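Worksheet for the structure shown next.
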């Protein structure tokens, strides 16, 4: 895993300095997040998931401007396809971010991230999509834990 992490960090350096493609850079950050998670370094995983989401939000806004422009039908179609990829990656990012926050015992922030991802997935992919279901299960699981915490030793979800 550590070898994979070092190669991903090198790839990220190259992408940042040469590609300037926020989508690729965000995807690399999500891959780094996954590696840190498997190494149980959840605080580091959280950082990379957050960076990925910030990059994807910026890219989403730029893509929306492209789709609304007076460009050719082909250019708008390409922007629309790019938008779908950004949204799907964002939804996965919210899932990863929320899961890592849960591992770090940041339950309130985890619930917020999973809820944001669920709302985005419901709106953009529909309620029958597998990513929507995964996020919904995560939200429900945290809500159940929240109920147990209130009955138990107090609310750790603040």
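Quick look at the values:
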read-out: Potential lengthening between residue 4 and residue 62 on full extension [0.36 nm per residue; Cα-Cα distance subtracted]; value: 17.8 nm
read-out: Share of Cα-Cα pairs in segment 96-141 lying beyond 15 Å, as whole percent; value: 34 percent
read-out: Exposure proxy order (Cβ contacts within 10 Å, fewest to most) of 122, 4; value: 4, 122
read-out: Where labels lie 7 Å past Cα in the beta-carbon direction, separation of residue 73 and residue 41 in nm; value: 5.1 nm
read-out: Angle in degrees between helix 130-151 and the longest Cα principal axis of the chain, rounded to the nearest 10; value: 30 degrees
read-out: 0 to 90° range, to nearest 10: angle between helix 73-103 axis and the chain longest Cα axis; value: 20 degrees
read-out: Percent of Cα-Cα distances greater than 27 Å, calculated over segment 2-151; value: 28 percent
read-out: Kirkwood hydrodynamic radius of segment 26-67, from inverse mean 1/r over distinct Cα pairs, in Å; value: 10.6 Å
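Every number here is computed from the coordinates shown, using simple stated rules; none is lab data. Computed from a prediction, not measured in an experiment: that's the story for all the values here. Every residue, glycine as well, gets a Cβ built from its backbone with ideal geometry; the counts of neighbours run over all protein chains shown.
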